[in-house]
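Structure record follows, encoded as structure tokens.
The values are calculated or read from the model by the stated rules, or taken from the named source; none is laboratory data. Please read all numbers here as calculations on a predicted model, not as lab measurements. Every residue, glycine among them, receives a Cβ derived from its backbone with ideal geometry; neighbour counts consider all protein chains shown. Ligands, DNA and RNA are excluded from the accessible area calculation, which covers all protein heavy atoms including side chains. Shrake-Rupley method; radii C 1.70, N 1.55, O 1.52, S 1.80 Å.
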Amino acid sequence: MALRSQVGPSHCIRSKNIKCMVDCSFVSNIGNRMDASKMKDTRVSFPSLPLKATRTMQRLHLYSSSVQYKRGHRVIVTASPPTEDAVIATAPLTEEDLVAYLASGCKTKEKWRIGTEHEKFGFEIKTLRPMKYEQIADLLNGIAERFDWEKILEGDNIIGLKQGKQSISLEPGGQFELSGAPLETLHQTCAEVNSHLYQVKAVAEEMGIGFLGIGFQPKWGLKDIPIMPKGRYEIMRNYMPKVGSLGLDMMFRTCTVQVNLDFSSEVDMIRKFRAGLALQPIATALFANSPFTEGKPNGYLSMRSQIWTDTDNNRAGMLPFVFDDSFGFEQYVDYALDVPMYFVYRKKKYIDCSGLSFRDFMSGKLSPIPGELPTLNDWENHLTTIFPEVRLKRYLEMRGADGGPWRRLCALPAFWVGILYDEVSLQSVLDITADWTPEERQMLRNKVPKSGLKTPFRDGLLRHVAEEVVKLAKDGLERRGFKESGFLNEVAEVVRTGVTPAEKLLEMYHGKWGQSVDPVFEELLY
């Protein structure tokens, strides 16, 4: 759920609204060299572009400029957000600008990267209780000082770390998240995961803290989970019960692993989006790893996935419109404009705009800040508050998997890279899923959290489709030529046996664990 940008803007051609987009790496480079204090009065000119495109490039320039400053020994980085108010609207945003923002993510195949994010639960080894914020602050400070990370503050509270293109952030209940750098190969991705876990463990073990790789908090209730001192989470905490029964569980008791992947064009985005949505229930089944709630089996293999079915259906789900012939960047913008807002960040404070419309914001009619107009920063922040099974920003996020142990943190990106970054495998998946109906896709989404690979599908089981898909992923990785297919061993074993990680945990719970969940903290300890 972290708010982050995996990649900067680059060249993209649209057939409809955007005739030409310049390579925005030029814009980004200018922004990186600029003195942030001068940004309010700066306008960048692109004389060869039409007026609308010029305004869009100006906004993208302002957006790409980062603001950071030192206060004593601390480095404050604008991230996740907050973003500084130096980024201002130069003119009212149009829907065309919002489309152009998404389109600016397009890049040629040689620039495609892999960005992996994973969350984990911190706990006291002696008591198994969740880490308190004070312990988390000590841990973040310790990692920063020992391994040279920059500290991210909100007010006087440390809420994250940044090092190069990696960042560490906190989810609402203290879940510890690494948002990895955009990397070229899965070997680099897995090395990044291992390096991160080494650094975290080096500091945490001295504090008596461990980390658990699982999709849902197995032992503790909502009342036992600490609340992180982040302004946006207070707004979400107040809003969630109004729109679903499980939103607070999502915020405070779930962990996921996801991968962020690039596209080359609008058509490429559409094909990957459709393949990702169709196969997301298979990923949920392969990585299902959350069968316990408050010390007992909860009746699901992926409780984390089930929770999303009643969190906030205005901003979650399978997005059937992605399969419409008319779908593209413009249609996703139309959808996102109608997803209710959470907040606007102004003058170092979060302003509660929950339930209000970004369309009204674009007209200066947002009631908490009447007359103010949104910036592209506001648009990016809004996009990060939308939680479908696949999410579009300037890249695509695969969001269907439970958190798990480190081998699965490498297997999840391997699964999706093998399918979506190989043309043969991608087309094969599109062919396999071409005649799946919206009702069938939704049926899989609804049933997989409970029945996993044993979910009946047409004349067989979902496991049979998963076997074929994992084979396509393996073939795709082999064609990439980086010797990455070994990262799929974890999921290959799942489809071979038909037994999901959650089912293995349940077997141990009913067997050698003596119907106690406490041993899971050792079994899935990083």
Quiz item: When you look at Val267, is it out of contact with any strand residue (DSSP E or B) (no Cβ under 9 Å at 6 or more places or on another chain) and under 30 Å from Lys347 (Cβ atoms), yes or no?
Solution: no
Practice problem: Pick out the one residue from Thr455, Thr437 that is open to solvent by 50 Å² or more (accessible area, probe 1.4 Å) and of a type in the set (Ser, Thr, Tyr). | Solution: Thr437
Self-check item: Hits in the range 338-358 (condition: loosely packed, with under 14 Cβ neighbours inside 10 Å and assigned to a helix (DSSP H, G or I))
Solution: Asp338
Practice problem: Look through Tyr335, Tyr300 and report the one residue that is buried (at least 20 other Cβ atoms within 10 Å of the Cβ), among the aromatic types (Phe, Trp, Tyr) and over 23 Å from Arg237 (Cα atoms). | Solution: Tyr300
Quiz item: Could you give every pair whose Cβ atoms fall below 7 Å, whose first residue belongs to the range 221-237 and is more than 20 Å from Ala137 (Cβ to Cβ) and open to solvent by less than 70 Å² (accessible area, probe 1.4 Å), and whose second residue is of a type in the set (Phe, Trp, Tyr) and not in a helix (DSSP H, G or I), counting only separations of at least 6 or pairs across chains?
Solution: Ile235/Tyr342; Ile235/Phe343; Ile235/Tyr350; Met236/Tyr342
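Regarding Ile369, is this residue β-branched (Val, Ile, Thr), part of a loop (DSSP other than H, G, I, E, B), over 22 Å from Thr309 (Cβ atoms) and over 18 Å from the mean Cα position of the chain (by Cα)?
Here the answer is yes, as Ile369 does meet what is asked.
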Quiz item: What are the residues in the range 146-173 that are open to solvent by less than 30 Å² (accessible area, probe 1.4 Å), without any contact (Cβ under 8 Å) to a residue 40 or more places away in the chain and over 19 Å from Phe252 (Cβ atoms), if any?
Solution: Trp149, Ile158, Leu161
Exercise. Considering (1) in contact with a Ser or Thr (Cβ under 9 Å, 6 or more places away or on another chain); (2) among the charged types (D, E, K, R); (3) touching a residue at least 24 places away in the same chain (Cβ under 8 Å), say which one Arg391 fails and leave the rest.
Key: (3)
Self-check item: Failed item, numbered, when Tyr509 is tested on (1) open to solvent by less than 40 Å² (accessible area, probe 1.4 Å); (2) closer than 16 Å to Asp402 by Cα; (3) in contact with a strand residue (DSSP E or B) (Cβ under 8 Å, 6 or more places away or on another chain)
Solution: (2)
Practice problem: Scan the helices (runs of 4 or more DSSP H) fully inside the range 479-526 and keep the ones with 2 or more residues being farther than 26 Å from Glu468 by Cβ. | Solution: 501-510, 520-523
Quiz prompt | Pairs, first β-branched (Val, Ile, Thr) in the range 299-317, second open to solvent by less than 40 Å² (accessible area, probe 1.4 Å) and in a loop (DSSP other than H, G, I, E, B), C-beta under 7 Å, six or more apart | solution = Ile307/Leu246; Thr311/Gly244; Thr311/Leu246
Quiz item: Hey, any hits in the range 248-257 for a residue that's closer than 30 Å to Phe329 by Cα and in a helix (DSSP H, G or I)?
Solution: yes
Quiz item: Are any residues in the range 305-331 open to solvent by less than 10 Å² (accessible area, probe 1.4 Å) and not hydrophobic (A, V, I, L, M, F, W, C), and if so, which ones?
Solution: Ser305, Thr311, Asp312, Arg315, Gly328
Quiz item: Out of curiosity, is Asp378 under 18 Å from Arg315 (Cβ atoms), open to solvent by less than 20 Å² (accessible area, probe 1.4 Å) and assigned to a helix (DSSP H, G or I)?
Solution: yes
